[in-house]
1. Whole-Hz Karplus ³J(HN,Hα) for segment B:24-31, in order, using 6.51 cos²θ - 1.76 cosθ + 1.60 and θ = phi - 60°, x for Gly and Pro?
2. Sorted from largest down, what three extents in whole angstroms do the Cα atoms of the protein assembly as shown have along their principal axes?
3. So, counting K/R as plus one and D/E as minus one, what does the shell of residues with Cβ under 11 Å around A:Ala63 add up to?
4. Alpha carbons only, please: Rg and Dmax for segment A:1-95, in angstrom.
5. How many nm separate the modelled label positions at A:Asp94 and A:Asp55, each set 7 Å beyond the Cα in the direction of the Cβ?
6. Measure off, as a whole percent, the carbon and sulfur share of the 1.4 Å-probe accessible area of the protein assembly as shown, all protein chains present.
7. What FRET efficiency comes out for the pair A:Ser82/B:Asn52, r = Cβ-Cβ distance, R0 = 45 Å, nearest 0.05?
8. With Cβ to Cβ distances under 12 Å as the rule, what net charge do the other residues near A:Asp94 carry (K, R +1; D, E -1)?
Amino acid sequence: QKEVEQNSGPLSVPEGAIASLNCTYSDRVSQSFFWYRQYSGKSPELIMSIYSNGDKEDGRFTAQLNKASQYVSLLIRDSQPSDSATYLCAVNMDDYKLSFGAGTTVTVRA
Amino acid sequence: GAGVSQSPSNKVTEKGKDVELRCDPISGHTALYWYRQSLGQGLEFLIYFQGNSAPDKSGLPSDRFSAERTGGSVSTLTIQRTQQEDSAVYLCASSATGFGETQYFGPGTRLLVL
């Protein structure tokens, strides 16, 4: 079983719609969770970090964490063409090591 | 301040040659990571440095790969006797203390082994 699994893409959504990205992880003691965005040919950049159960909102992005279900999600509201990228879920497995999912590619159709 | 920097941005080499990739972390960050990302794949952990502690080398794929970090700052990843399967983007990241914190990535070095 992979340590971090993301829903397979690609995910295509129309402009203005909500894009929903899901991630499950295997280590029950993980405490830190991150969503990174990676444009084609670029390096990952942090969108959101979340550490506590519940929702965390930042602009059009909302991260949701449920540690009991070992599940973290990212919602992108009012999707824009500039949101077209690959989204990586990352979970800390040890004190310092992050495990990354394979990523979900999102395409926002104008 | 400046972000994580890496050099070179691109490297083309012939099979069997050695290459050195450099990473300069964010000033003051004690934790430094190297990852490899093959085309269309996720990030593969290679090695982790934390201050003056012994590095975690558990992700290095073979003994042809080595890395060092001098003075707790700049790091060099060396690949000896390169193979075509080493072709990938090598990403460096740093974080303030390394304990479950955000990692900030450099632009990467794109390595192509012919």
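1. With the stated coefficients, segment B:24-31 comes to 10, x, 5, 4, x, 6, 8, 9 Hz.
2. Principal axes ranked by extent give 49, 39, 36 Å for the Cα atoms.
3. -2
4. In Å, with Rg to one decimal and Dmax whole: 13.0, 39.
5. 3.7
6. Of all accessible area on the protein assembly as shown, carbon and sulfur atoms account for 47 percent.
7. E(calc), rounded to 0.05, equals 0.60.
8. Result for the neighbourhood of A:Asp94: -3.
The values are calculated or read from the model by the stated rules, or taken from the named source; none is laboratory data. Model, not experiment: these values are computed from the prediction. Counting neighbours? That spans all protein chains shown, and the Cβs are built from the backbone with ideal geometry, glycine included. Side chains are part of the model used for accessible areas, which takes the heavy atoms of the whole protein and leaves out ligands, DNA and RNA. Shrake-Rupley method; radii C 1.70, N 1.55, O 1.52, S 1.80 Å.
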